[in-house]
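Student: Below is one structure. I have some questions about it.
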Amino acid sequence: MKRTEFITIKAPERLSQPEERQKLLLAARLLRDGGLVAIPTETVYGLAADALNPAAVAEIFKAKGRPQDNPLIVHISDLRMLPTLIRGELPAPAAQLAGRYWPGPLTMIFPKSDLIPEVTSGGLDTVAIRFPSHPVAQELIRLSGVPLAAPSANLSGKPSPTTAAHCMQDLMGRVDAIVDGGPCGVGVESTVISFAEKVPLLLRPGAVTLEQLREVLPQVRVHDAVYHRLSGEEKAVSPGMKYKHYAPAADLILVDAPRAVFAQYINGHAGPGVYAMCFEEDIPYLRVPCLSYGPAGDPSVQAELLFEVLRRLDEREAVRVYAHCPQKDGVGLAVYNRIVRSAGYQIITPGAGEE
Ligand code: TXA
Ligand code: MG
């Protein structure tokens, strides 16, 4: 058991204040010395360690219970850190994306340099790089003086944490410190795009949307796994794709239907432990206990609330959850992707023959 230090940053926008600076220096020292620190980012909390220190990175896998072949994202705080981490030149389209969306919720995959330890890249010859926009994350990378490897700060198999309280639930006693910088604004993990393929390939949708990527790179392809379960033969380009993502203890079923049909279907399936995970506007029509994950027309709010709502359904020991299907464009695609994976790809369309 480790003694987990709890560090609260009260003013993430005023980090130069001496009091806040002392706390950041403490966390940065832990990181430089090979420690594990849960840190806030604009997407979700990350479990950080020195990306170039194999022993420190190995501890991340242990603390999370994460399979060894699932590579970590390396976080930078300055574009000048990039050339030593990747092999070869930065591809021109990647430079364009960086210019437009970094710092921010976008991760890009490149061939890796020899500086990146095998354990960080999960044995692959590529490395995922992200330049986060969260001021606390940036300052911790700067003060520690090293790029930080950071997967989401949850136990493997749990929803990604969007508050320091979630990190505490999962990681107390397993990490050296948890830095509380308040709730994460985005709420779902970063967009992941690979430049290791001939044509840039979207591996994970996020708050930098497919539409936004295509404004810069019209040729971007979308990996099948974003929408569908990978079949046995399909190659997992991203090792994360082949692992079961967060699945609640309850049987989660995605219901793709307009409000009236959704409500009618669920009211007809009410019973002990049956919940609806719905939009705010659905609530008056539902006769089962429900948890809203935001307004129907606002995928950004849905993204922000989703993982908190999934954790709460587990706490309430829901047995079966019917989730109202979000839109599949814009940030909605990221929300859809996380829910459909949590549902083990169970989707029904009542009124279209599934009754
Ligand atoms: O927003 C985020 O990206 C958060 C915050 C903390 O930055 N991090 C995060 O990390 O979500 P993680 O480890 O939970 O998800 C990273 C995903 C995994 O599915 C992993 O398999 C994939 O990115 N990945 C990482 N490196 C890769 C690589 N070299 N090739 C293919 N996929 C990679
Ligand atoms: Mg994760």
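Student: Can you name the residue in segment 137-176 that is part of a loop (DSSP other than H, G, I, E, B) and among the charged types (D, E, K, R) and, of all such residues, is nearest to ligand 1 (Cβ to nearest atom)?
Tutor: Checked segment 137-176; the qualifying residue nearest to ligand 1 (Cβ to nearest atom) is Lys158.
Student: Against the condition touching a Lys or Arg at 6+ places or on another chain (Cβ under 7 Å), among the β-branched types (Val, Ile, Thr), under 15 Å from Gly46 (Cβ atoms) and within 16 Å of ligand 2 (Cβ to nearest atom), how does Val186 come out, does it pass?
Tutor: no
Student: Could you tell me which numbered condition Pro132 fails, if it satisfies all but one of (1) away from ligand 2 (no atom under 14 Å from the Cβ); (2) at pLDDT below 95?
Tutor: Only one criterion is unmet by Pro132, namely (2).
Student: Hey, could you check segment 28-45 for residues that are part of a loop (DSSP other than H, G, I, E, B), of a type outside the set (Ser, Thr, Tyr) and out of contact with any Cys (no Cβ under 6 Å at 6 or more places or on another chain) and say which is surrounded by the most Cβ atoms within 10 Å (Cβ to Cβ)?
Tutor: Pro40
Student: Another question about this same structure. For segment 138-175, which positions are near ligand 2 (Cβ under 10 Å from one of its atoms) and among the hydroxyl-bearing types (Ser, Thr, Tyr)?
Tutor: Ser152, Ser156, Ser160
Student: Then there's this: Of the numbered conditions (1) assigned to a helix (DSSP H, G or I); (2) within 20 Å of Arg130 (Cβ to Cβ), Ala48 fails exactly one; give the number of that condition.
Tutor: Failing condition for Ala48: (1).
Student: Can you pull out the helices (runs of 4 or more DSSP H) entirely within segment 177-281 that have at least 2 residues that are surrounded by 19 or more Cβ atoms within 10 Å (Cβ to Cβ) and in contact with a helix residue (DSSP H, G or I) (Cβ under 8 Å, 6 or more places away or on another chain)?
Tutor: 210-216, 259-267
Student: Can I ask one more? Search segment 74-89 for residues being in contact with a Leu (Cβ under 9 Å, 6 or more places away or on another chain) and surrounded by 17 or more Cβ atoms within 10 Å (Cβ to Cβ), and hand back the single one that is farthest from Arg221 (Cα to Cα).
Tutor: Ser77
Student: Please state which of the following conditions Leu333 fails to meet, knowing it meets all the rest: (1) surrounded by fewer than 20 Cβ atoms within 10 Å (Cβ to Cβ); (2) part of a helix (DSSP H, G or I); (3) of a type in the set (A, V, I, L, M).
Tutor: Among (1) surrounded by fewer than 20 Cβ atoms within 10 Å (Cβ to Cβ); (2) part of a helix (DSSP H, G or I); (3) of a type in the set (A, V, I, L, M), Leu333 violates only (1).
Student: Still on this structure, I have one more. List every residue pair whose Cβ atoms sit under 7 Å apart, with the two residues 6 or more apart in sequence or on different chains, where the first one lies in segment 99-124 and is more than 20 Å from Ala303 (Cβ to Cβ) and within 16 Å of ligand 2 (Cβ to nearest atom) and the second, anywhere, is part of a helix (DSSP H, G or I) and of a type in the set (A, V, I, L, M).
Tutor: Within 7 Å, the pairs are Thr120/Val57.
Student: Within segment 150-166, count every residue that is surrounded by 19 or more Cβ atoms within 10 Å (Cβ to Cβ) and farther than 23 Å from Asn337 by Cβ.
Tutor: Selection size over segment 150-166: 1.
Student: For Ser133, are the conditions met, namely being within 13 Å of ligand 1 (Cβ to nearest atom), under 16 Å from the mean Cα position of the chain (by Cα) and polar (S, T, N, Q)?
Tutor: When the stated conditions are applied, Ser133 passes them.
The values are calculated or read from the model by the stated rules, or taken from the named source; none is laboratory data. Because the structure is a prediction, the values reported are computed rather than measured. With ideal geometry, Cβ positions are generated from the backbone for all residues, glycine too; neighbour counts draw on all protein chains shown.
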